[in-house]
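Peer 1: Quick one: structure below, then a few questions.
Values in this text are rule-based calculations from the coordinates and carry no lab data. Everything quoted here is computed from the prediction, not taken from an experiment. Cβ: placed from backbone, ideal geometry, glycine included. Neighbour counts: every protein chain shown.
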Amino acid sequence: MKTLLKVEQCGIQFGGLKALEGLDFELKEGELLGVIGPNGAGKTTFFNLLTGVYPPSSGRLFFKEQLVTALKPHQINQAGISRTFQNIRLFLNLSVIDNVCVAFYQHIKYSLWDVIWQRKKYVEEEKQLKAKALELLTRFDLHKQKDELAKNLPYGDQRRLEMVRALATQPKLLLLDEPAAGMNPTEKKALIELIRHLHQELKLAIILIEHDMSVVMELCPRIIVLDYGVVIAEGEPDYIRQHPVVIEAYLGEKKDVKSM
Amino acid sequence: MTEFIQQLINGLAWGSIYALIALGYTMVYGILRLINFAHGEVYMMGAMTGYYAVQWGMGTGSLFHLAAVLCIAMIVCSLLGWAIERGAYRPMRKAPRLNVLITAIGVSLFLQFSGQYIFGADPKPFPPLIENKNILNFEGIVLSNIQLTIFISSILLMLGLRYIVLKTQMGKAMRAVSYDHTASYLVGINVNRVISFTFILGSALAGAAGILVGISNPTVNPLMGLMPGIKAFVAAVLGGIGNIPGALIGGLIMGVAETMVSGYLSGTYRDALAFIILILILVIRPQGLLGKTTQEKV
Amino acid sequence: MKQAPAIVLTIVLLILSHYLLNALINPYYLRVILLIGLSITLATSLNLINGYTGLFSLGHAGFMAVGAYSAAAVSVFLIPKLAFLNGLIPELIRGEVFFVLSLLAGACAAALVGFMIGLPTLRLRGDYLAIATLGFAEIIKVFFNNLEAVGKAKGFTGIPAIPHAVNFFWVFFIAVTCVWVVGKMTSSSKGKDFAAVREDEIASSSLGLSHFKVKMKAFVIGSFFAGLGGGVYAHLEGTIYPENFNILKSIEFVVMVVLGGMGRLWGVVLAAAFLTLLPELLRELPPPFSILSQFRMILYSLIIIITMLIRSKSFAKSIN
């Protein structure tokens, strides 16, 4: 498998605070990587680094062997990285289906000029877009609410809609920031299945930030543990589970993570 | 050189008035993130109050009269500022900022139109509260007693403001509220009272500015607040919005710059200057001369 | 050209209503109707900027001014020099061709100015943008106030009337076009980018939208139509003054957009019509109320404040 993402000695500094330091790892195409760590470990900052929200203070980023360190967020997305947000950021006053359709933007072939003249090109492609959006929504079980405003959806649905929207940009790499937050056990189980499915079917590389250990342990063959902005451990779930430094970071004392 | 220094003195006098108005803008913006468009009209009402106070029996001719008129204008404007906040802005605390801004514009128009109806649209000659004398004439550089009055009054008012903001309980509460409403509320600050107080304070300063303009300009009219109001806001942005010393510096720079342009180029370009300064500052240093940058959290 | 029949029909209908209205309605009311058409164009173009895209421009009258002065300048200074083209254009539509040329020149000038103003200001946050656009509009006004060639503050006179005097046709042709373009654009998937940027800039950039480009697009298209409206206005009036395009004018358009509901196409059209009509209605109240006529501007401002208060109440309810 080819390398998809390469992070080379990256760090982010806010004033005197080192939010991330010496980050260095590779991600293969189609890999599923979990990132865990206590609150304030720098997990979301890590996503903000990958998506160009905060440019790194040091180090370099490569995506598909292309240097992307200095790119703006929208250019990073155009290169093929898409994300969801920890504090959901939907377009609240747009309908569910419009939230998805606008994410097709980069791939829409008609121009606004075609729209003004209501050309055939526009009418037909628009029809296809709606169908495609509906198909995606159906897979996430959101098709019944397609004309609802996003702000009227319950919390769990909003999280899934954000995933649909991120997928609609047709990324090579999907970054999920705590997708299971606020979900009940049944919903979590369904979400795990969904992510696994996406990963296998679309051959999509995924990086998953998650607070819920069980979700990460079950999904990810490889896990990175962050604490105070530094990688403290990296490896398979079983290895991480027993890693003394990880246990200490999480609990402040030696205790088995399994019991969490 | 003589002319330059003369223009500088005139500019600083005019700038002090901008600064007094800008202080109200900057305090309200700091605390509510609202451009209080009606602030220019509060200043207009200050000048009008002065005019009517003299018409209705206050005498003229001495510093005592001036001080009395100044106090009356400040009280009337405080009440007006309080009423504007209470009646128009407080019910909109949770509304989108844009709606509050439109309301502010509405209040501004309301005061302009009501002013035209009540006072009449024609300019009124402002009564000579103190007689204009040149108290200093040094090789052609003239300082009038009116300019001196403006400087002294402004300095006193600003020192008073500084004392209130830095040393009093209410001042501390104001600073706390400008950082975070919810947190201030949680530590027991009555946020609404602090906001009312801020409007009262800012409006009192605007009222004083109205009188100071009255004694230095020949006439006052109901539309006089619009342009100086907007320019004072520009001065606040120039100094760094929400920043009290910034408003002072911004106001002075604005006054001097305008006077210089009128003096050396042409009066017709004066009105554009404020906005050219504004655009430049927004492009080069949007946080203003003394402001700090903030970043949105993702 | 699937749309050709619809366009021809619209044009025919507009021309018919022009003659109908001219025959039936007295000139005073007709003038109010024309002002409504202009307001619709200006408010709808501002709706794209402020309503759909969530920017806060307070300088729309400035773009209208650029359009009005540029179109008028083309008509007054350039068109007479184009007499050598007369042979190429049939006489019946010669006036129209030149008129359209002036209008387009005005609209393009406004769009260009919009672009240049957008470059430095569209990076600014909400209310800073408001005050910056207000400032630009004011600079534009001062510029025309000092330009000898267009009569300075005394006004730009001698602007030719609209050819064949089909005023109603042109005013509403532009209004319909503007409403059509804004409406169709913003209801397509590609045109949802305006609303996406309004709703959440960070999320929209995570979907590959450059919010700067999207804002610029709204700004340029909006100024283009403001310029078109301005061009028609100039030829309608015959004389224009820099004071026609002052801050109060910009505020009027903003109030229309807010009253009609930001980003609501027909709401803003209705609000534009209503708010243009309102001062005229207040002017002619029947006897018991006629005393109110002298307060009409005060009432106008009170209506703005009260509408906003009601709006905010319902908004507060919707978030609770």
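Peer 1: Per residue and in cubic angstrom, what volume does the convex hull of the Cα atoms of chain A have?
Peer 2: About 141 Å³ per residue, rounded to a whole number.
Peer 1: Averaged over its residues, how many other protein chain Cβ atoms are within 10 Å of peptide C:122-135's Cβ atoms?
Peer 2: 6
Peer 1: In whole Hz, with x marking every Gly and Pro, tabulate ³J(HN,Hα) for segment B:17-32 from phi via Karplus 6.51 cos²θ - 1.76 cosθ + 1.60, θ = phi - 60°.
Peer 2: Running phi through 6.51 cos²θ - 1.76 cosθ + 1.60 with θ = phi - 60° gives 5, 3, 4, 4, 6, 4, 4, x, 4, 6, 5, 5, 5, x, 9, 10 Hz.
Peer 1: Longest exposed-loop-site-free stretch of chain B, with GluC sites (Glu not before Pro), DSSP loop and at most 14 other Cβ within 10 Å?
Peer 2: The segment B:140-295 is the longest one with no such site.
Peer 1: Report the antiparallel proportion of the DSSP beta bridges in the protein assembly as shown as a percent, rounded to a multiple of 5.
Peer 2: 65 percent
Peer 1: Who wins for biggest fluctuation among B:272, B:247, B:208 in a Gaussian network model of chain B, springs between alpha carbons below 10 Å?
Peer 2: Of the options given, B:272 has the highest mean-square fluctuation.
Peer 1: Could I ask something else about it? Consider just the alpha-carbon atoms of segment B:179-250 and return their Rg together with their Dmax, both in angstrom.
Peer 2: Considering segment B:179-250 through its Cα atoms, Rg and Dmax are 15.6, 50 Å.
Peer 1: Taking other Cβ within 10 Å of each residue's Cβ, how do B:44, B:27, A:1 sort, fewest first?
Peer 2: A:1, B:27, B:44
Peer 1: On average, how much area does the Cα convex hull of segment B:24-226 cover when viewed from any direction, in nm²?
Peer 2: Mean shadow area of the hull around the Cα atoms is 12.7 nm².
Peer 1: Among B:270, B:175, which comes first, second and so on when ranked by fewest other beta-carbon atoms within 10 Å?
Peer 2: The fewest-first ordering by Cβ neighbours comes to B:175, B:270.
Peer 1: What's the extension gain from residue B:280 to residue B:97 if we count 0.36 nm per residue and subtract their Cα-Cα distance?
Peer 2: 63.4 nm
Peer 1: Still on this structure, I have one more. Given C-alpha coordinates of segment B:36-95, what is the ratio Rg to Rh with the Kirkwood estimate of Rh?
Peer 2: With Rg and the Kirkwood Rh in hand, the quotient comes to 1.13.
Peer 1: Could you work out which residue, out of C:60, C:235, C:164, moves most in a Gaussian network model of chain C, that is, has the largest mean-square fluctuation with Cα springs under 10 Å?
Peer 2: Among C:60, C:235, C:164, the largest mean-square fluctuation in the Gaussian network model of chain C belongs to C:164.
Peer 1: Order by neighbour count: C:206, C:312, fewest other Cβ atoms within 10 Å first, most last.
Peer 2: C:312, C:206
Peer 1: How large is Rg over Rh for chain C, taking Rg from the Cα atoms and Rh as the Kirkwood inverse mean of 1/r across Cα pairs?
Peer 2: Reported Rg/Rh (Cα atoms, Kirkwood Rh): 0.98.
Peer 1: Let me ask you something else. Excluding residue A:141 itself, calculate the net charge of residues whose Cβ lies under 9 Å from the Cβ of residue A:141, where each Lys or Arg counts +1 and each Asp or Glu counts -1.
Peer 2: That sum, taken over residues with Cβ under 9 Å, equals +2.
Peer 1: Loop sites only, by DSSP: take the GluC sites (Glu not before Pro) in chain A that have at most 10 other C-beta atoms within 10 Å and name the longest stretch containing none of them.
Peer 2: Formally, the longest exposed-site-free interval is A:66-252.
Peer 1: Most fluctuating residue of A:151, A:120, A:189 in a GNM of chain A with Cα springs under 10 Å: which is it?
Peer 2: Checking each option, the largest mean-square fluctuation is seen for A:120.
Peer 1: Measure out, as a whole number of angstrom, how far apart the alpha-carbon centroids of segment B:33-86 and segment B:143-193 sit.
Peer 2: Here the answer is 19 Å between Cα centres.
Peer 1: Helix-only estimate, please: 222 nm mean residue ellipticity of the protein assembly as shown, summing -39500 (n - 2.57) across DSSP H runs of length 4 or more and dividing by its residues, to the nearest 500.
Peer 2: The helix-only estimate for the protein assembly as shown comes to -20000 deg cm²/dmol at 222 nm.
Peer 1: Please compute the average number of Cβ atoms from other chains found within 10 Å of each residue's Cβ in peptide B:110-116.
Peer 2: The shielding value for this peptide is 4.
Peer 1: Considering all projection directions equally, how large on average is the shadow of the alpha-carbon convex hull of the protein assembly as shown, in square nanometres?
Peer 2: Hull-based average projected area comes out at 44.4 nm².
Peer 1: Could you list which residues have their amide H under 5 Å from that of residue A:18, counting only those 5 or more apart in sequence or on another chain, with H placed in the peptide plane?
Peer 2: none
Peer 1: Still on this model: Strictly greater than 19 Å: what percent of every Cα pair in segment B:1-84 meets that?
Peer 2: More than 19 Å apart: 52 percent of the Cα pairs in segment B:1-84.
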